[in-house]
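So the structure is just underneath, and the comments pick up after that.
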Amino acid sequence: MNSRTALIAFTAVESLGPVSLQKLLSRFSTPEEVWSAGEQELKSKGVSSQTIEAILRVNPENFADKQLTSANKLGAKIVLQSDSEYPECLKSLSDAPTVLFVHGVMPNSTDLPGVAIVGTRKPSAYGKKIAAQTASELVSSEVTVISGYAAGIDAAAHEAAASAGGKTLAVLGCGLDYDYPAHNRTLRPQIIERGALISEFPFGTSPVPWHFPRRNRIVSGLSRAVAVIEAGAKSGALITAKSALDQGREIFSVPGPIDSPLSIGTNRLIQDGAHPLLQTSDLLLLWKREKKRAKVPLQIEIPLDENEQKLLTSIDNSPLHIDTLVDRSGLNAQTLMPVLLSLEIKGAVIRHPGMCFSRAG
């Protein structure tokens, strides 16, 4: 068994999310060693009884072979973090998926991150119109549109992007072999033609309710900005917005009537600091500003003290949460905050929403 087989097999253990899997792997020399370990060794490594039982039920080589067979049959591929096709914008996430199952054409680094368009499954006619209009105008400016493939706003965004000849990515809450939701059946081949269906769940995984909040972090992670079109007080789109905030992405929200249940969530997002989305050019201005910033190399000629230099080497060009910087730099939170502030004042780092920071340039 090789490490690729071992990593694919871990997707069979649902209780092992990306963070817990990384912790588990850090206790072994190779991924393969986890599968060859017995119950007592796994216990000694601090693995929970539930996870041990799940691991021992899996035949890793058999499971990985079946996944590869299913992928080949569908014309899909299995992408690991170590593969060149794995999106760079996902790698900076603390809970980045270890494995992606992809059916279609994964955009290259020049096409990602894109813009996520999300919202309620039961939108108004106005909401569907704005979602479609925004998606169409974004792809006409060569921006990839990303959403969660659900009914309503998601489907309207995917369909408009595909119809306009643009690239769109759909992140699923189930295995790629599930035709869910069924009413998106005609939309599926349109997405695959120029974009892709993406899932972190292996073939054979059914669309259970708790998968959808989990997939939302991938929707926002693939994006530079998230646009919430319509959302009720408890809409799943608000979970995507929360993920975007934690990841340092920009959040845009379409204002709506104060007496409409479909606008409670979007109006509250604006109240909490989201950018009001009044026209697609609001998103495109962000796009142009970010691209311009990326083209300007950083040249810092100001002196940095020891802690500033230490912290700056821990910061990437993509936003990282402050907790990640504490782990990377070895500085405690009390020491780290004033150092970050000093670097920000000196123009060496950029602050993003959700206590995230990146290098300036």
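The values are calculated or read from the model by the stated rules, or taken from the named source; none is laboratory data. Not measured: the values here are computed from a predicted model. No Cβ is skipped: glycine too gets one built from the backbone with ideal geometry, and neighbour counts run over all protein chains shown.
Here is a check on your reading of the model: is Glu39 in the same structural domain as Ala12 (by TED's automatic domain parsing) and touching a residue at least 60 places away in the same chain (Cβ under 8 Å)? Answer is no for this residue.
For region 113-125, which positions are surrounded by fewer than 20 Cβ atoms within 10 Å (Cβ to Cβ) and in contact (Cβ under 8 Å) with a residue 12 or more places away in the chain? Outline the logic, then answer.
From region 113-125, those surrounded by fewer than 20 Cβ atoms within 10 Å (Cβ to Cβ) are 121-122, 124-125; that's our starting set.
Scanning region 113-125 gives Arg121, Lys122, Ser124.
Within region 144-151, does at least one residue satisfy the condition of being buried (at least 23 other Cβ atoms within 10 Å of the Cβ), at positive phi and in contact with a helix residue (DSSP H, G or I) (Cβ under 7 Å, 6 or more places away or on another chain)? Looking for residues that are buried (at least 23 other Cβ atoms within 10 Å of the Cβ), at positive phi and in contact with a helix residue (DSSP H, G or I) (Cβ under 7 Å, 6 or more places away or on another chain), one finds at least one in region 144-151, hence yes. Applying the condition of being part of a helix (DSSP H, G or I) and of a type in the set (S, T, N, Q) to region 27-51 and asking which residue is nearest to Ala6 (Cα to Cα) yields Ser36. Picking from residues in region 187-210 that are among the β-branched types (Val, Ile, Thr) and in a loop (DSSP other than H, G, I, E, B), the one that is modelled with the highest pLDDT is Thr205. Only a single item in (1) closer than 21 Å to Gly221 by Cα; (2) of a type in the set (D, E, K, R); (3) surrounded by 15 or more Cβ atoms within 10 Å (Cβ to Cβ) is not met by Arg4, and it is number (1).
Is it the case that some residue within region 234-241 is modelled with pLDDT under 95, in contact with a strand residue (DSSP E or B) (Cβ under 6 Å, 6 or more places away or on another chain) and among the hydroxyl-bearing types (Ser, Thr, Tyr)? First the steps, then the outcome.
From region 234-241, those modelled with pLDDT under 95 are 234-241; that's our starting set.
Within this subset, residues satisfying the condition of being in contact with a strand residue (DSSP E or B) (Cβ under 6 Å, 6 or more places away or on another chain) are 237, 240-241.
Still in the running and among the hydroxyl-bearing types (Ser, Thr, Tyr): 240.
Yes, there is a match, as at least one residue in region 234-241 is modelled with pLDDT under 95, in contact with a strand residue (DSSP E or B) (Cβ under 6 Å, 6 or more places away or on another chain) and among the hydroxyl-bearing types (Ser, Thr, Tyr).
Of all residues in region 211-243, those that are within 18 Å of Tyr149 (Cα to Cα) and in a helix (DSSP H, G or I) total 17.
With respect to the stated conditions, Glu39 is touching a Leu at 6+ places or on another chain (Cβ under 8 Å), among the acidic types (Asp, Glu) and surrounded by 13 or more Cβ atoms within 10 Å (Cβ to Cβ). Just the residues that are closer than 12 Å to Thr98 by Cα, of a type in the set (A, V, I, L, M) and either touching a Cys at 6+ places or on another chain (Cβ under 8 Å) or assigned to a loop (DSSP other than H, G, I, E, B) (or both), please, taken from region 1-26. Correct list: Leu16 only.
Looking only at region 242-261, which residues are farther than 20 Å from His352 by Cβ, modelled with pLDDT under 95 and either among the hydrophobic types (A, V, I, L, M, F, W, C) or in contact with a Phe, Trp or Tyr (Cβ under 7 Å, 6 or more places away or on another chain) (or both)? The answer is Ile258, and nothing else.
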